[in-house]
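Reading through the structure tokens given below for one structure.
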Amino acid sequence: MARFRGVDKTEFLDQRNLRGPAFKLLEEAELFCQRHFPLPGRVEPGRLQRVDRPLIPPDAMREIVVNALIHRDYSIAGGAISLAIFDDRVEVWSAGKFPNGITPESLKHAHLSVQRNPIIAEGFHRAGLIEKWGRGTNRVAEMCRAAGIAPPEFEEITGAAVVTFRVPVAQAVGEQAESRPESRPESDGLSLEERIVTTLRNGPLAKSELAQAFGLKGVSGQLKKSISALLKRQVIEFIIPEKPGSRLQKYRLVQAGGRG
């Protein structure tokens, strides 16, 4: 999973490489999207509160990641599933071509449900995450249209199935900044320390990653002070406690009941 600066793969803003059970990978992909997808909002006539609209409908994004896990060709050595977020689009890559009988064009219309990995598909079906009627991609298109964005594009590129959402990630970030100034960490009603704790629930982060998550231009003195206070109160801890000054250092929440 990666968030790139701009529209190509020249510069990483964030990157994670994960191995694990399929359900865990789905959960991590959703958390990564939550971290990097902006939540544009606006005040609409007749409403007192701001209306937030996700960049991509969460159910639509989940459906595409689930499809990638289910239909990946696991016989390809070194194959993987990739989630790439650019300024102008979001791509999900899955090793292997589309199953026999399925073409990129057919996914836009009614089509048969062809299962490359039936045992994996059955697991997701029992968990209530998929149907077995070949309607998944059609439902994704419907959700996107209802949300006012274009349905995803389906392609085969160099032996991989690729799904692309054309969404203005960077532009949405700008809209979000207009409605909620990034220079004020308390603007959402939470103190900076509370925001740090909330953000670390998604997993360990470095100071620079926390600064990025809060829309700061760099690691501010206020952020350092808040981290130090949380460390002192044992709310958070180092992931490398024996090397507090390590360049690889990150922070995590202290588990309930003690350190761990």
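The values are calculated or read from the model by the stated rules, or taken from the named source; none is laboratory data. This is a predicted model, so every value here is computed, not measured. Quick reminder, even Gly has a Cβ in these numbers, built from the backbone with ideal geometry, and neighbours come from all protein chains shown.
Among the residues of the stretch 104-137, the one identified as modelled with pLDDT of 80 or more, among the polar types (S, T, N, Q) and either farther than 30 Å from V7 by Cβ or in a loop (DSSP other than H, G, I, E, B) (or both) is N117.
Within the stretch 144-169, if we keep just the residues that are in contact with a helix residue (DSSP H, G or I) (Cβ under 9 Å, 6 or more places away or on another chain) and under 13 Å from K108 (Cα atoms), the residue that is surrounded by the most Cβ atoms within 10 Å (Cβ to Cβ) turns out to be P152.
Determine if the stretch 31-38 includes at least one residue that is part of a loop (DSSP other than H, G, I, E, B), modelled with pLDDT of 90 or more and either assigned by TED's automatic domain parsing to the domain that holds Q115 or buried (at least 16 other Cβ atoms within 10 Å of the Cβ) (or both).
no
Matching residues to (1) surrounded by fewer than 16 Cβ atoms within 10 Å (Cβ to Cβ); (2) basic (K, R); (3) under 26 Å from A29 (Cα atoms); (4) at pLDDT 90 or above:
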position: E193; (1), (2), (3), (4): no, no, yes, no
position: N202; (1), (2), (3), (4): yes, no, yes, no
position: S208; (1), (2), (3), (4): yes, no, yes, yes
position: G215; (1), (2), (3), (4): no, no, yes, no
position: K224; (1), (2), (3), (4): yes, yes, no, yes
position: I227; (1), (2), (3), (4): no, no, no, yes
position: L230; (1), (2), (3), (4): no, no, no, yes
position: R233; (1), (2), (3), (4): yes, yes, no, no
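Checking the structure you have, find out if any residue of the stretch 206-213 is on the phi > 0 side of the Ramachandran plot and either out of contact with any helix residue (DSSP H, G or I) (no Cβ under 8 Å at 6 or more places or on another chain) or not acidic (D, E) (or both). First the steps, then the outcome.
Of the stretch 206-213, the ones on the phi > 0 side of the Ramachandran plot are none.
Within the stretch 206-213, none of the residues are on the phi > 0 side of the Ramachandran plot and either out of contact with any helix residue (DSSP H, G or I) (no Cβ under 8 Å at 6 or more places or on another chain) or not acidic (D, E) (or both).
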